[in-house]
Every structure is written in structure tokens, then in C-alpha cells.
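Worksheet: one structure, shown below.
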Amino acid sequence: MRAHRSSGIYRCTGCSRGSFPQLVALAALSVFILTSILHAQSAHTEYQVKAAYLYNFAKFVEWPPEVMSSDSSFNICVLGRDPFDSTFQTTIAGESIKGKNVLVKRIPRAQDASGCQILFISSFEEARLKDILDVLDKMSVLTVSDMPQFTRRGGMIQFVTEANRVRFEVNLTSAERTGLTLSSQLLKVAIGVRRG
Amino acid sequence: MLIGSGASITKRLTRMNVLVSGAALLMACAAFVTYDWITSREAMVHNLSIQAQIAGSNSVSALLFNDPQSAENTLSALKAAPNIVSACIYTAEGLAFASYSPNGSREALTLPALPLGQLEHHWFQDGHLVVARKIVFEGKPTGTVYIRSDLQEISHRLKRYAAIAAAGISSALN
């Protein structure tokens, strides 16, 4: 498109009525790309925070001694589609919990969670949550998820985003039933503590 | 004349005795008050340090899970100590996280950072005592807590001592 001066007014020679929809489409595309980038960035930050929280939960939870002595590493597992990508590598790489190196494992089935201390259940597993929790019922595994109604349905810790901040609520009964002890410091910062 | 001279010497001796005794009493009182002033300051630093430790260790989860409201609730327990005029918690990165003042104002203290490698530091400044203490959790610095107290307790104590000493000295000399 070029502009030329005619009668003292600059006119766009390539600007016909037909190019207006093209401009609108271009603007819409730009907005879409920008929104996608911003969304990707905020999602990345959100899961960085959630990864850090998973690590921090371990500092305020006590597992039964037999669980902690059975493995040489502290295993944080992700069940289902992993929303963290490489976040764990940047957030908790090289960290240790209770004197054990932290390992992050991706597991396809709930049955594989026997060596895990913390299990993040992807929200993509919502449809089969009941089956997963039934399998985990006998294991001392801290279950965490960001799927809605997670603590109501028997999960232990549910991430909740409130005013752009990641918070969490706790189902204390579910945790205590499997022999886990949650520190009062952790319960103090939870937005809700469910019993039963 | 002789009697008069004798009376004068006695008076002078008595006056000298009174002066010497008074000076000795004043010096004893000064030494006592100075000692008490030093020990009171030490006790105040010690007490404020304990309060900083308690506030800090109770704010660990608030810092780790980014919950300033919880940290402010913890700091608000300091209202039980009327000498504390303000307190605040900073993150490990040095950002203001939570604050407390008895009148409810939320101004953050602008305070110097802790000297490198030091867990705790205190200083007397503008009629206040400030204690700064690092919050360390599982060997890692998580934040810093600052507590500022007025020195009214010490000044009230010194005034009481001065009144008692003045009363004691005047009754002893009369």
C-alpha cells in the first residue's frame, strides 16, 4: 500500500473498501496471537507456582515411617497428562526433602503410585477419579489436583485459583485416613479445611 | 568563743559527713541505675529477639505459600505487647510481605538489610529498639522479620529508680 497526495489530502491508493475486512482479520489475528502468548506465559507461571507448592507441601506433611524408609528418593508423581512440562526441572531440580533427593515421575496408572509420596492427578483424569482414589485408598500418598470438587470427592489437597493467586483447600479426613499427618502450619494457610 | 569554734567544727564535720555520705549514696545509686539500664536494654533485646523468632517461625508457611494475610494474623498477636510500635516481614528477596502496627497503619518499615551472614541484628535508633531476624526454614532463608519497640519501659523504670533514690537520699540525709 502506498500513499499519495491529492488535493492536499493523503490518500491510500491500495485502500479500497474490500481491504477493510482484511484489516479486521489481521487485527483479530494479532489479538489472538498476543492473547495466546500471554495465556501461555500465565499458565507457565501458574504451574511453576503449583510445582513449588507440591515441593513445599512435603515440608508440612509427615508420612508413616515405613513409607519414608522404603525408598531412597522422595518421589513426586504426576498421573495422566502432565501440565507441568519442564517446570519441575527449573523449580525443584537438585532439591531434597527429608534428606532424600526429589525425583519427579510420570505414571500412567494409579497402581504405579505405590512408590510415590505425592501424587498430582491431572485434571484430564477427572472422569476416572473415583477409580483412582479407590486404588490409592490403601496407600499413604498425598493426593493433589487442580480439578474442581477434588477434595469434596475424596482427594486431599485441591489447588484453587483465587484473584490470580494459587491457593489450596484440604480434606483432612482423607489425609488422616491413610496415615498422613498435616501440620497446623499448612492448615493455617489453606483457604478451607474439609473434614469428611 | 571556744564553744562557738567547737560548734562550728562539729557543724563542718557533720556537713562534710553528710556531703561524703550523700556523694557515696549518689555514686552507688548512679552505679546501680547504670547497671540496671544496661541489663534492662539487654533483657529488652532478648525479649524482642524471642518475639521475632516466634513471629518468624509461625510465618514460614505463609511465606512459602504466599499468604500475607496469614502472616499479618501472626504479627497481630504482637498487640499483646504494648511496647511494640511496628513489625513487618520481608520475603527472602527483600520484598515487603506483611506488616503490623497497633493503630492499623500498613506502612512498611524501611530498614537496612541484615549484615551478610548474620542471623540476627539489633540497633537502637530514634528512641526505638529494632530487632531484625532472618527466618530460616530447613536450612534455607525464607524471609526476614523486623520488630520495632519503643523504650518507654526502660525510661519508666529509670524514672521510678530516680524517684526512689531521691526519696532514699533525702530521708537518709535528714
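Bear in mind that the values in this text are calculations on the coordinates, not laboratory data. Given the structure is predicted, the values throughout are model-derived calculations rather than measurements. Positions of Cβ are generated from backbone atoms using ideal geometry, with glycine treated the same way; all protein chains shown enter the neighbour counts.
Using the Cβ of residue B:42 as centre and a radius below 15 Å, the other residues enclosed give a net charge of -1, where K and R count +1 and D and E count -1. Each peptide in A:184-193, A:125-134 receives the mean, over its residues, of other Cβ atoms within 10 Å, and ordering these scores from highest gives A:184-193, A:125-134. Other residues within the sphere of radius under 13 Å centred on the Cβ of residue A:88, judged by their own Cβ, net out at 0 (K and R +1, D and E -1). When only Cα pairs below 8 angstrom with a gap of at least 6 residues are kept, chain B shows a relative contact order of 23 percent. As a length-normalised measure over Cα pairs under 8 Å and 6 or more apart, the relative contact order of the range B:88-164 settles at 27 percent. List the pairs from A:105/A:138; A:59/B:79; A:105/B:134; A:138/B:140 whose alpha-carbon separation is above 24 Å, in the order I gave them. Going by Cα-Cα distance, A:59/B:79; A:105/B:134; A:138/B:140 fall outside the 24 Å limit. Tilt of helix B:152-173 relative to the longest C-alpha principal axis of chain B, in degrees (0 to 90, nearest 10)? Once rounded, one gets 10 degrees. Neighbours of residue B:91, meaning other residues whose beta-carbon lies under 15 angstrom from its beta-carbon, give a summed charge of +1 when Lys and Arg score +1 and Asp and Glu score -1. Contact order for the range A:76-196, expressed relative to its length and based on alpha carbon pairs under 8 Å spaced 6+ residues apart, stands at 19 percent.
Shielding value for A:49-60 is 2, the average number of Cβ atoms from other chains within 10 Å of each residue's Cβ.
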